[in-house]
1. Taking A:ALA100 as the residue in question, decide whether it is at the interface with chain B (Cβ under 7 Å from one of its Cβ atoms), farther than 17 Å from B:SER128 by Cβ and of a type in the set (Gly, Ala, Ser).
2. Being within 15 Å of B:TYR62 (Cα to Cα) and of a type in the set (Phe, Trp, Tyr), is that true of even one residue in region A:54-72?
3. Keeping to region B:16-43, report how many residues are charged (D, E, K, R) and in contact (Cβ under 8 Å) with a residue 40 or more places away in the chain.
4. Take the conditions hydrophobic (A, V, I, L, M, F, W, C), modelled with pLDDT under 80 and loosely packed, with under 13 Cβ neighbours inside 10 Å and apply them to B:PHE104. Does it pass?
5. Inside region A:52-61, can you point out the residues that are without any contact (Cβ under 8 Å) to a residue 40 or more places away in the chain and surrounded by fewer than 20 Cβ atoms within 10 Å (Cβ to Cβ)?
6. Out of the residues in region B:1-21 that are more than 8 Å from chain A (Cβ to nearest Cβ), of a type in the set (A, V, I, L, M) and under 17 Å from B:VAL35 (Cβ atoms), which is surrounded by the fewest Cβ atoms within 10 Å (Cβ to Cβ)?
7. Going through A:GLY93, A:GLY23 one at a time, which residue ends up being without any contact (Cβ under 8 Å) to a residue 12 or more places away in the chain and more than 15 Å from B:TYR46 (Cα to Cα)?
8. Those residues that are within 7 Å of chain A (Cβ to nearest Cβ) and closer than 15 Å to A:LEU70 by Cβ, I need them from region B:131-153; list them, please.
Amino acid sequence: MTDLPIVGFVGLSAALLAVGLFGILTRRNFILLLIAIEIAMNAAILNFVYFAAYAGGTPGLTGQSIAVVLVGFGATEVAVGLAIVLALNRLKGTINVARATELKL
Amino acid sequence: MIYEEIAFVLLALVAIATGVLALLVRELVHTILWVAVFFVDLAALYFLLDAPFLGVLQLGVYAGAVTVLLLFGIMVTRKRIFSQEARIGIGAIPFGLAVVTFIFVVAAIGEFPQSSTTIYTYDPTALSQNLFNVNGPWLLLLGLIMLVAVGGAIYLVREGRE
């Protein structure tokens with residue numbers, strides 16, 4: 001599989017990171033915000049997997065191991081994020097992050 | 001192989017399109033459906049990159065668990081499931097910032113050597129050796145963080161908290 005050009009994969013990662021960044025900056029719904037963060041995080045994981053295949057051998061396996069750990073981190077992050085969504089919904093009756101101003105000075 | 005390049009281009013286009021659609025459609029349930037397609041597409045990319053274990057993990061954790069979790073989050077926070085979001089303008093500054101990030105990262109690719117020479121073949125035994133022996137401490141740390149996260153999530157949503 002090593003024939004695939006590096007520009008394509010890193011460019012895809014960059015595009016997905018840009019999409020996630022755009023979502024983080026524009027969306028006000030907490031669940032959409034979580035999804036945008038997941039898209040950006042998946043771009044990072046894709047980078048790890050690509051460079052793992054690119055390096056081959058032991059460094060490649062290390063890259064895949066890091067990717068496995070990162071998938072676990074992503075799932076954990078969604079779980080905690082949804083707990084925050086539920087708490088915010090009970091407190092404010094909405095999941096609009098613009099309304100979550102409790103910690104403002 | 002030309003077939004792999006065609007497959008990569010198609011999968012990349014689907015990934016970008018579903019990612020954008022997930023953030024732009026008005027109904028939240030449709031967002032979840034598009035993001036599920038996005039996760040499955042990334043799993044296919046992992047298979048293309050000779051990482052089938054990671055591809056299966058992506059299907060199970062992201063396309064399965066995370067999607068259902070997000071769907072439950074929508075179900076319990078809305079009165080009607082198919083209720084639409086208010087449309088928000090795209091916004092020139094966030095869009096510009098995203099485009100600048102993309103251009104910056106692509107410009108940085110020129111620093112890398114442009115073609116790979118090593119042949120990588122998937123070997124589950126070597127991967128498990130690496131995962132559980134060499135990187136064992138990271139897995140333990142992941143388990144600890146997951147435990148703390150579950151505790152924190154239960155603390156956040158428990159009954160009678162003001």
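The values are calculated or read from the model by the stated rules, or taken from the named source; none is laboratory data. Here the structure is a predicted model, which means the values were calculated and not measured. FYI the Cβ positions are ideal-geometry reconstructions off the backbone, even for glycines, and counts take in every protein chain you see.
1. no
2. no
3. Here the count works out to 2.
4. yes
5. Listed by number, the residues that qualify are A:ALA55, A:GLY57, A:THR58, A:PRO59.
6. The qualifying residue surrounded by the fewest Cβ atoms within 10 Å (Cβ to Cβ) is B:LEU13.
7. Residue meeting the stated conditions: A:GLY93.
8. Result: B:LEU131, B:ASN135, B:TRP138, B:LEU139, B:LEU142, B:ILE145, B:MET146, B:ALA149.
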